[in-house]
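Okay, so here's the structure we're looking at.
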Amino acid sequence: MGKFIVRRIIVMLPQLLILSILIFVLAKLMPGDALSGMIGSNPHLSAARLEEIRQSLGLNDPWYTQYYHWILQLLHGDLGISYGHQVPVVNIIGDRIMNTFWLGVVSLILTYAIAIPLGILSGRYQDRTIDKFVVGYNYLSYAMPIFVFALLMLFVFGFVLNLFPTSGSVSPDAVKGTFGYFMSKFYHLLLPAVTIAFLQTTTTIQFLRNEIIDTKPKDFVKLARSKGVPESKVYRRHILRNSMLPIAAFLGLEITGVIAGNIFIEQIFSYPGLGQLFLSSITQRDFPVVTALLMISGLLTLLGTLLSDIIISLIDPRIRVD
């Protein structure tokens with residue numbers, strides 16, 4: 001297992017290099033830059049002055065020269081200076097990453113708390129009333145566009161019933177470090193987390209249901225029943241253990257994905273996280289922030305794939321890699 005992890009990390013290095021080149025080139029292909037449109041918004045800033053600023057920032061250099069300087073900064077742990085905020089990118093990300101992290105953690109917990117029991121019930125009681133209810137719920141959540149459902153949740157529970165806040169991540173009067181501050185943070189993220197959970201349960205429910213249905217008629221299950229093993233133990237030790245493998249395959253990606261943020265949810269709920277920061281950085285042509293967030297997302301994806309392989313090998317020793 002140790003050799004496998006080391007080999008995968010070594011393979012990840014050229015993948016990260018290729019990913020960095022693609023991210024840099026695609027970001028550079030975006031029309032305009034952070035200084036575009038400043039003449040109209042700032043009459044004291046002439047075109048000549050803007051050109052001087054571009055020259056000082058290296059924006060007029062060839063793309064490979066800019067890439068060389070950028071990758072050197074990354075290797076030294078420097079994500080650059082935000083064009084729009086004029087502060088280090090690491091500070092901007094640091095202010096928002098915990099909001100996205102806790103939103104992702106709560107939504108992931110809620111997703112599995114909803115999906116696993118429903119998937120088990122649907123697979124165990126196939127074609128019965130509970131199965132038809134779960135399948136109907138699954139079709140509805142799969143067909144519902146994320147922005148439509150998010151706006152509906154915000155309108156009903158935020159504006160009509162006035163049960164949850166409609167923006168922000170904490171109350172302005174909350175004192176940091178107190179229990180009230182923690183509860184305020186949780187209260188603000190609960191509605192967007194529930195919204196994400198309801199929309200993300202579809203895949204987990206469907207995979208788990210299909211796996212249970214496919215596993216029930218297999219020979220080792222029939223053998224366990226013929227030996228008089230209680231039905232609850234048959235499901236727990238034989239059917240569920242084998243059916244959980246596809247869920248475990250996605251678990252690593254979902255764990256690392258809690259930091260990636262959800263652009264639509266964070267934007268609709270005005271939740272200050274990385275997803276909202278990414279969208280605003282694109283509209284502002286804030287190149288250092290965009291590239292930093294994309295590199296973090298790509299790195300997390302590679303780590304999530306590695307983590308999924310490790311989790312699967314721990315659950316099923318038959319597929320361990322020596």
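The values are calculated or read from the model by the stated rules, or taken from the named source; none is laboratory data. Here the structure is a predicted model, which means the values were calculated and not measured. With ideal geometry, Cβ positions are generated from the backbone for all residues, glycine too; neighbour counts draw on all protein chains shown. Side chains included, ligands, DNA and RNA excluded: accessible areas come from the protein's heavy atoms. Shrake-Rupley method; radii C 1.70, N 1.55, O 1.52, S 1.80 Å.
Listed here are the residues, each with its yes/no results for (1) among the hydrophobic types (A, V, I, L, M, F, W, C); (2) touching a residue at least 40 places away in the same chain (Cβ under 8 Å); (3) in contact with a strand residue (DSSP E or B) (Cβ under 6 Å, 6 or more places away or on another chain); (4) in a helix (DSSP H, G or I).
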{"site": "GLY104", "(1), (2), (3), (4)": "no, yes, no, yes"}
{"site": "SER107", "(1), (2), (3), (4)": "no, yes, no, yes"}
{"site": "TYR112", "(1), (2), (3), (4)": "no, yes, no, yes"}
{"site": "ILE120", "(1), (2), (3), (4)": "yes, yes, no, yes"}
{"site": "GLY123", "(1), (2), (3), (4)": "no, yes, no, yes"}
{"site": "ASP127", "(1), (2), (3), (4)": "no, no, no, no"}
{"site": "TYR142", "(1), (2), (3), (4)": "no, yes, no, yes"}
{"site": "PHE147", "(1), (2), (3), (4)": "yes, yes, no, yes"}
Given the condition among the acidic types (Asp, Glu) and in contact with a Ser or Thr (Cβ under 9 Å, 6 or more places away or on another chain), answer yes or no: does some residue in the stretch 116-135 qualify? yes
If MET183 satisfies all but one of (1) in contact with a helix residue (DSSP H, G or I) (Cβ under 8 Å, 6 or more places away or on another chain); (2) closer than 17 Å to VAL105 by Cα, what's the number of the condition it fails? (1)
Could you tell me how many of the residues in the stretch 266-295 are within 17 Å of HIS188 (Cβ to Cβ) and in a loop (DSSP other than H, G, I, E, B)? 5
Let me confirm something: among PHE157, PHE179, which residue is open to solvent by 90 Å² or more (accessible area, probe 1.4 Å) and among the aromatic types (Phe, Trp, Tyr)? PHE179
Which pairs have Cβ atoms under 6 Å, sit 6 or more apart or on different chains, and link a residue in the stretch 16-30 that is on the phi < 0 side of the Ramachandran plot to one that is hydroxyl-bearing (Ser, Thr, Tyr)? ILE23/THR291; PHE24/TYR67; ALA27/THR291
The stretch 48-73: number of residues that are open to solvent by 60 Å² or more (accessible area, probe 1.4 Å) and farther than 18 Å from ILE21 by Cβ: 8
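Tally time: how many residues in the stretch 160-180 are over 16 Å from TYR271 (Cα atoms) and at pLDDT 85 or above? Before you say what the answer is, go through the steps one by one.
Within the stretch 160-180, the first condition is being over 16 Å from TYR271 (Cα atoms), and the residues that meet it are 160-163, 173-180.
Now narrow it down to the ones that are at pLDDT 85 or above: 160-163, 178-180.
Going through the stretch 160-180 one residue at a time, the tally reaches 7.
Against the definition (under 30 Å from LYS233 (Cα atoms) and among the charged types (D, E, K, R)), how does ARG96 come out, yes or no? Steps first, answer last, please.
On the way: under 30 Å from LYS233 (Cα atoms): no; among the charged types (D, E, K, R): yes.
It is false that ARG96 is under 30 Å from LYS233 (Cα atoms) and among the charged types (D, E, K, R).
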Output the qualifying pairs, or none if there are none: Cβ atoms under 9 angstrom, residues six or more apart or on different chains, first residue in the stretch 152-179 and farther than 21 Å from PHE198 by Cβ, second residue modelled with pLDDT under 90 and open to solvent by 90 Å² or more (accessible area, probe 1.4 Å). VAL170/LYS176; ALA174/PHE182
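With respect to ILE93, is the statement that it is within 13 Å of THR201 (Cβ to Cβ), of a type outside the set (D, E, K, R), part of a helix (DSSP H, G or I) and open to solvent by less than 50 Å² (accessible area, probe 1.4 Å) true?
Values: within 13 Å of THR201 (Cβ to Cβ): no; of a type outside the set (D, E, K, R): yes; part of a helix (DSSP H, G or I): yes; open to solvent by less than 50 Å² (accessible area, probe 1.4 Å): yes.
No; evaluated as a whole, the condition is false for this residue.
Residue by residue, here is whether (1) hydrophobic (A, V, I, L, M, F, W, C); (2) open to solvent by less than 40 Å² (accessible area, probe 1.4 Å); (3) under 23 Å from MET12 (Cα atoms); (4) at pLDDT 80 or above holds:
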position: LYS233; (1), (2), (3), (4): no, no, no, yes
position: ALA249; (1), (2), (3), (4): yes, yes, yes, no
position: ALA260; (1), (2), (3), (4): yes, no, yes, no
position: ILE265; (1), (2), (3), (4): yes, yes, no, yes
position: GLY273; (1), (2), (3), (4): no, yes, no, yes
position: SER281; (1), (2), (3), (4): no, yes, no, yes
position: ILE296; (1), (2), (3), (4): yes, no, yes, yes
position: ARG320; (1), (2), (3), (4): no, no, yes, no
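For SER243, indicate whether it is open to solvent by 30 Å² or more (accessible area, probe 1.4 Å) and either on the phi > 0 side of the Ramachandran plot or of a type in the set (S, T, N, Q) (or both).
Details: open to solvent by 30 Å² or more (accessible area, probe 1.4 Å): no; either on the phi > 0 side of the Ramachandran plot or of a type in the set (S, T, N, Q) (or both): yes.
In short, no.
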